[in-house]
Amino acid sequence: AKNAGKDDYFVFKDKMRKRAVEKMTVETELRLALERSEFVLYYQPIVDLKNRSVTGFEALIRWNHPRRGLVSPGEFIHVAEETGLIVGIGEWVLHEAASTVQRWREDGVADNDLVISVNISARQFGERNLVDNVSRILKDTKLPPHCLKLEITETVVMVDASDSVRKLNLLKESGVLLSIDDFGTGYSSMSYLQRFPIDQLKVDLSFVQRLDVDPASIEIVRAIINLAHGLRLEVVAEGIETEQQLNLLYSLQCDYGQGYLISRPVPQEDAELFMKINKSL
Ligand code: C2E
Ligand code: CA
Ligand code: CA
Ligand code: CA
């Protein structure tokens with residue numbers, strides 16, 4: 001038994017070393033990925049649950065790795081965040097998303113009020129010049145501010161809630177829309193919810209996916225929706241995979257929905273097709 005323990009220890013150490021090497025490799029490759037234009041954005045439609053029309057998309061990053069193919073953010077975002085590389089990547093995401101949607105608008109592919117949602121990481125939110133960067137990107141791309149929605153997680157805004165209020169106010173003044181992502185999974189305080197100048201709550205997919213198996217989830221989602229509407233905020237449910245979840249959310253008066261049932265995140269060309277089909281319906 002003693003020997004087995006020792007083996008476990010070496011296996012553990014070996015795993016740790018492997019993980020550290022992997023992290024360094026990812027870091028080195030990430031540094032080059034921006035220069036080599038290896039990142040791409042995928043777009044997942046967000047629909048109005050009342051008429052099922054597409055009202056916007058969430059931009060989701062993918063890494064088109066020369067050897068590994070399309071890599072999902074779960075595999076590299078944390079390294080980007082820990083190393084600070086996320087700041088440059090995040091700026092690229094904002095610029096790419098804004099310029100793509102502005103092109104859609106100019107080409108008549110997108111409606112004038114189509115909204116693009118972009119995820120803002122913890123580091124990016126903490127940056128002193130975030131507000132200036134957002135304003136500059138909007139100016140450069142000519143995208144009107146009301147077409148851009150920033151998704152910031154509950155955990156990130158609650159780290160320093162009073163500083164977040166200040167920052168969110170500045171962002172709000174610039175005209176962009178603000179959404180609290182992964183709502184219900186972190187710590188949030190009802191009093192801060194009232195002080196944040198936000199437009200929307202995004203119900204975390206963990207609740208949505210339990211809707212049709214766990215009655216408690218229905219009550220949680222109902223409470224979130226009522227809370228949001230009471231504060232005159234819109235609610236989006238993410239991770240809708242079944243008709244049953246969709247119908248439940250509709251009956252709970254959730255405003256918008258997003259999930260594999262409607263569409264997976266798709267490349268730009270497919271998003272364009274989506275809008276063309278949507279228009280002809
Ligand atoms: P998130 O912001 O909560 O995004 C939702 C995730 O759920 C996306 O995963 C999306 O593809 C996935 N999803 C959507 N519908 C369904 C569904 O019906 N079922 C299931 N199982 N999943 C669904 P993805 O694209 O892998 O992104 C994961 C996370 O990576 C995001 O979570 C976000 O935190 C982060 N991320 C993605 N793109 C960016 C980015 O451009 N910048 C930053 N900072 N983070 C990003
Ligand atoms: Ca998000
Ligand atoms: Ca989310
Ligand atoms: Ca999430």
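The values are calculated or read from the model by the stated rules, or taken from the named source; none is laboratory data. Note that this is a predicted model, so its numbers are computed, not measured. Quick reminder, even Gly has a Cβ in these numbers, built from the backbone with ideal geometry, and neighbours come from all protein chains shown. Protein only, heavy atoms only, side chains kept; ligands, DNA and RNA dropped before computing areas. Shrake-Rupley method; radii C 1.70, N 1.55, O 1.52, S 1.80 Å.
Miscellaneous remarks
- The residue pairs whose first member lies in region 213-242 and is without any contact (Cβ under 8 Å) to a residue 24 or more places away in the chain, whose second member is in a loop (DSSP other than H, G, I, E, B), and whose beta carbons are closer than 6 Å, counting only pairs six or more residues apart or on different chains, are SER217/LEU211.
- Some residue of region 36-53 being free of Cβ contacts under 8 Å to residues at least 40 places away in the same chain, farther than 27 Å from TYR256 by Cβ and open to solvent by 60 Å² or more (accessible area, probe 1.4 Å): yes
- Of the residues in region 71-81, at least one is under 15 Å from the mean Cα position of the chain (by Cα), part of a loop (DSSP other than H, G, I, E, B), hydroxyl-bearing (Ser, Thr, Tyr) and over 23 Å from GLN200 (Cβ atoms).
- Residue within region 155-170 that is within 16 Å of ligand 2 (Cβ to nearest atom), open to solvent by less than 20 Å² (accessible area, probe 1.4 Å) and either at pLDDT 95 or above or under 25 Å from LEU246 (Cα atoms) (or both) present: no
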